[in-house]
Amino acid sequence: MGKKLFILLVVLMSLSLMGIIFVQAFFINNTLKNEEKNFTLNVKRSLSSVSKAIEEKEFEVYSKKLQNLIESGVNPDSTAIRQVFILEQDDLSNETRIYGNAISEESFKVPSLFFDIGLDSFNLSRVRNTRITETYDNNSIDGGSISLQKSIKNISNLTYLEKAQFESITRDQFKNIPIYKRVSVDYVHYLLEKQLDNNGIDTGFEFAIYDRDLSTKVQSENFNLSPDSTIGVPVFLDNNNESDYMLYVDFPERRKFLLSSILGMIALSILFTSIIVIAYSSAIYQLIKQRQISQIKTDFINNMTHEFKTPIATINLALDSIKNPKIIGDQEKVLRYIKMIKEENKRMNAQVENVLRISKLDKKDLNISKERIKLHDIVEDAVSHIELIVEDKKGYVKTHLNAEKSSVLANDTHFTNVIVNIFDNAVKYSDEAPKIDVYTENVGNNILLKIADQGNGMSKQVQKKVFEKFYREHSGNVHNVKGHGLGLAYVKRIVDDHQGHISVESEKGKGSVFTITLPLIS
């Protein structure tokens, strides 16, 4: 996959993910707004019902008191009567019928003490309707006497008119009565709780009745008027459908209640979005990792080709030289070229063995047998492998084996390779004569092996990746130092298999210190 195509793919996937998250957030936000609108609508509906119930309750209480007063036998202060009569002659039945309709209005002067409204007294009227139907025999009328054959009388209260008149009067009369005398806090709380519950609003609330933007005694303890969240409706309307009083209600946990109504949808949204984000992140990580591995493998193949190309070329040259008639008769030169071929062949074999060794470690097929051995002996053996090369480069390897105890459970061959690999890197990455110091010390039940060099050193970024398979630090020319990035990966795997730990401390231009920690055995 080309770099441009890879970047385009990542950008498109990122935009798609951002789009999904944006759509989810937009949908949740719109749902929350709709819930808030429905919440406000239900609250206003509840408040309107409460306002109407309060007014009806007031009319009902006072009308019952009036009814009781009238039924107690109190005589009206004045009575007004309006009457209409209709006379009808029926020749067939020889009868005369009289139809009458009378409306009477009785006025009562009611003391205010009876209603506790703060006034001396006020007038209330009761309107009654009387309907009369009478039938007379014409023969009786002609004979000078009147015979009433049938009489029907119906007296009824004008309920609707009476109620309308009473409500009109009470609105005018009670307009200036203090609000706390007209309704109680407990009753308002009861009505609000009932109506809100009927409309599906099950959360705590605070309420208050205000008189021209001034608070009254009718309010809950923790009510605070907030223009942004408080909802109100007028209460105790006058005859002009106007009122100085407003019933307000506020919900301290309004946001929490609204979120709880869509909590399930939010949770599922977050869950599925998280799965998409994790899947996306994993996919991007794998793409980047695969790209890095691809690049590393390309570098590895290039380096391995270079590693094999040199000995193959040397072997070919040596064989061509041996074929030369002038050389074939010279026994000394033939032996020299044969030795050269053997050394180059050994070198190629070592490279192949190294690759196979790390492959077996990856598959966990490498069977490492361990035995009791002194780490100091392994160090001395490893030094003997590298000593001639170091001396040839005018350098040195010094040992400072200060540990009193050095017995460990290890594989002699593999652990020797571990130390030799570290020595080999110290030689390779020293532009000047390699200078290597080896230290050992006991720390608790462990032995520490430190291998310090004064070579080129490593940056912090390289130190984090130096034990990764195939990793090599780039420095312009990838072949300026021979190798394939398997040495330190092999070292770490062997140390880990010995229940040990390896770390590196390094500074660019000042060298590196590799520290291996192994458990001691008694």
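The values are calculated or read from the model by the stated rules, or taken from the named source; none is laboratory data. Since the structure is predicted, the reported quantities are computational estimates derived from the model, not experimental observations. Please note: Cβ atoms are built from the backbone with ideal geometry, for glycine as well, and neighbour counts cover all protein chains shown. What goes into the accessible areas is simple: the full protein's heavy atoms, side chains included, and nothing from ligands, DNA or RNA. Shrake-Rupley method; radii C 1.70, N 1.55, O 1.52, S 1.80 Å.
Looking only at residues in the range 187-228 that are in contact (Cβ under 8 Å) with a residue 60 or more places away in the chain and open to solvent by 50 Å² or more (accessible area, probe 1.4 Å), which one is nearest to residue 247 (Cα to Cα)?
Within the range 187-228, the match that is nearest to residue 247 (Cα to Cα) is 187.
Within the range 417-439, take every residue that is open to solvent by less than 10 Å² (accessible area, probe 1.4 Å) and aliphatic (A, V, I, L, M) and give me the one that is farthest from residue 511 (Cα to Cα).
Here is the first cut: in the range 417-439, the residues open to solvent by less than 10 Å² (accessible area, probe 1.4 Å) are 418-419, 422-423, 426, 434, 436, 438.
Filter once more, keeping what is aliphatic (A, V, I, L, M): 418-419, 422, 426, 436, 438.
Values: 418: 19, 419: 17, 422: 13, 426: 9, 436: 10, 438: 14 Å.
Applying the filter and picking the extreme gives 418.
Can you list residue pairs whose Cβ atoms sit under 9 Å apart, with the first residue in the range 90-106 being modelled with pLDDT under 75 and the second being of a type in the set (Gly, Ala, Ser)? Count only pairs 6 or more apart in sequence or on different chains.
Taking only residues 6 or more apart or on different chains, the pairs are 103/80; 104/80; 105/78; 105/80; 105/125; 106/78; 106/80; 106/125.
Can you go through 285, 280, 248 and tell me which one is more than 26 Å from residue 15 (Cβ to Cβ) and over 16 Å from the mean Cα position of the chain (by Cα)? Talk me through it step by step, then tell me what you get.
Details: 285 fails: more than 26 Å from residue 15 (Cβ to Cβ); 280 fails: more than 26 Å from residue 15 (Cβ to Cβ).
Selected residue: 248, the only one of 285, 280, 248 that is more than 26 Å from residue 15 (Cβ to Cβ) and over 16 Å from the mean Cα position of the chain (by Cα).
Consider residue 386 against the criteria (1) modelled with pLDDT of 85 or more; (2) β-branched (Val, Ile, Thr); (3) under 60 Å from the mean Cα position of the chain (by Cα); (4) part of a helix (DSSP H, G or I): it satisfies all of them except one. Which criterion is unmet?
(1)
Take the residues of the range 28-56 that are among the aliphatic types (A, V, I, L, M) and open to solvent by less than 80 Å² (accessible area, probe 1.4 Å): which is farthest from residue 198 (Cα to Cα)?
At the first step, the residues of the range 28-56 found to be among the aliphatic types (A, V, I, L, M) are 28, 32, 41, 43, 47, 50, 53-54.
Going one step further and asking which of them are open to solvent by less than 80 Å² (accessible area, probe 1.4 Å), we end up with 28, 32, 43, 47, 50, 53-54.
Details: 28: 26, 32: 21, 43: 11, 47: 12, 50: 12, 53: 14, 54: 17 Å.
Applying the filter and picking the extreme gives 28.
Quick check: is even one residue across the range 173-186 under 59 Å from the mean Cα position of the chain (by Cα), at pLDDT 90 or above, open to solvent by 60 Å² or more (accessible area, probe 1.4 Å) and under 30 Å from residue 257 (Cα atoms)?
Yes; the residues of the range 173-186 include at least one that is under 59 Å from the mean Cα position of the chain (by Cα), at pLDDT 90 or above, open to solvent by 60 Å² or more (accessible area, probe 1.4 Å) and under 30 Å from residue 257 (Cα atoms).
Are any residues in the range 1-24 open to solvent by 60 Å² or more (accessible area, probe 1.4 Å), in a helix (DSSP H, G or I) and of a type in the set (A, V, I, L, M, F, W, C), and if so, which ones? Can you show your working first?
Pass one, the range 1-24, residues open to solvent by 60 Å² or more (accessible area, probe 1.4 Å): 1, 3-5, 7-9, 11-12, 15-16, 18, 20-24.
Then drop every residue that is not in a helix (DSSP H, G or I), which leaves 3-5, 7-9, 11-12, 15-16, 18, 20-24.
Selection gives 5, 7, 8, 9, 11, 12, 15, 18, 20, 21, 22, 23.
Of all the residues that make up the range 251-266, how many are part of a helix (DSSP H, G or I) and over 13 Å from the mean Cα position of the chain (by Cα)? Let's see the steps before the verdict.
At the first step, the residues of the range 251-266 found to be part of a helix (DSSP H, G or I) are 254-261, 263-266.
Remaining after also requiring over 13 Å from the mean Cα position of the chain (by Cα): 254-258, 260-261.
Number of matching residues: 7.
Output the number of the condition that residue 305 fails; it satisfies all remaining conditions of (1) among the β-branched types (Val, Ile, Thr); (2) modelled with pLDDT under 70; (3) in contact with a Lys or Arg (Cβ under 8 Å, 6 or more places away or on another chain).
Of the numbered conditions (1) among the β-branched types (Val, Ile, Thr); (2) modelled with pLDDT under 70; (3) in contact with a Lys or Arg (Cβ under 8 Å, 6 or more places away or on another chain), the odd one out for residue 305 is (3).
Consider only pairs whose beta carbons are under 7 Å apart and that are at least six residues apart or on different chains; among these, list those whose first residue lies in the range 491-518 and is touching a residue at least 12 places away in the same chain (Cβ under 8 Å) and whose second residue is among the aromatic types (Phe, Trp, Tyr) and assigned to a strand (DSSP E or B).
502/514; 504/514
Output the residue which, of all residues in the range 482-519 that are basic (Lys, Arg) and in a helix (DSSP H, G or I), is modelled with the lowest pLDDT.
Initially, the range 482-519 is screened for residues basic (Lys, Arg), giving 482, 492-493, 508, 510.
Filter once more, so that each one left must be in a helix (DSSP H, G or I): 492-493.
Working: 492: 87, 493: 82.
Looking at the filtered set, the residue picked out is 493.
From the set of residues in the range 229-243 that are surrounded by 12 or more Cβ atoms within 10 Å (Cβ to Cβ) and at pLDDT below 85, which is nearest to residue 43 (Cα to Cα)? Give the derivation first.
The first filter runs over the range 229-243 and keeps only residues surrounded by 12 or more Cβ atoms within 10 Å (Cβ to Cβ), leaving 229-238, 243.
Imposing the further condition that a residue be at pLDDT below 85 reduces the set to 229, 236-238, 243.
On the way: 229: 12, 236: 18, 237: 19, 238: 23, 243: 20 Å.
Among residues in the range 229-243 that are surrounded by 12 or more Cβ atoms within 10 Å (Cβ to Cβ) and at pLDDT below 85, the one nearest to residue 43 (Cα to Cα) is 229.
Need pairs with beta-carbon distance below 8 Å; first residue on the phi < 0 side of the Ramachandran plot and in contact (Cβ under 8 Å) with a residue 12 or more places away in the chain and within the range 267-279, second open to solvent by less than 60 Å² (accessible area, probe 1.4 Å) and of a type in the set (Val, Ile, Thr); sequence gap 6+ or separate chains.
Pairs that qualify, where the first residue is on the phi < 0 side of the Ramachandran plot and in contact (Cβ under 8 Å) with a residue 12 or more places away in the chain and the partner is open to solvent by less than 60 Å² (accessible area, probe 1.4 Å) and of a type in the set (Val, Ile, Thr), are 269/28.
For the structure I just gave you, tell me whether residue 280 is open to solvent by 70 Å² or more (accessible area, probe 1.4 Å), more than 24 Å from residue 193 (Cβ to Cβ) and either at pLDDT 80 or above or assigned to a loop (DSSP other than H, G, I, E, B) (or both).
Working: open to solvent by 70 Å² or more (accessible area, probe 1.4 Å): no; more than 24 Å from residue 193 (Cβ to Cβ): yes; either at pLDDT 80 or above or assigned to a loop (DSSP other than H, G, I, E, B) (or both): yes.
Considered against the rule, which asks whether it is open to solvent by 70 Å² or more (accessible area, probe 1.4 Å), more than 24 Å from residue 193 (Cβ to Cβ) and either at pLDDT 80 or above or assigned to a loop (DSSP other than H, G, I, E, B) (or both), residue 280 comes out as no.
Has the range 395-413 got any residue that is part of a helix (DSSP H, G or I) and modelled with pLDDT under 85? Full working, then the answer.
Of all residues in the range 395-413, those part of a helix (DSSP H, G or I) come to 412-413.
Those left that are additionally modelled with pLDDT under 85: 413.
Yes, the range 395-413 contains a residue that is part of a helix (DSSP H, G or I) and modelled with pLDDT under 85.
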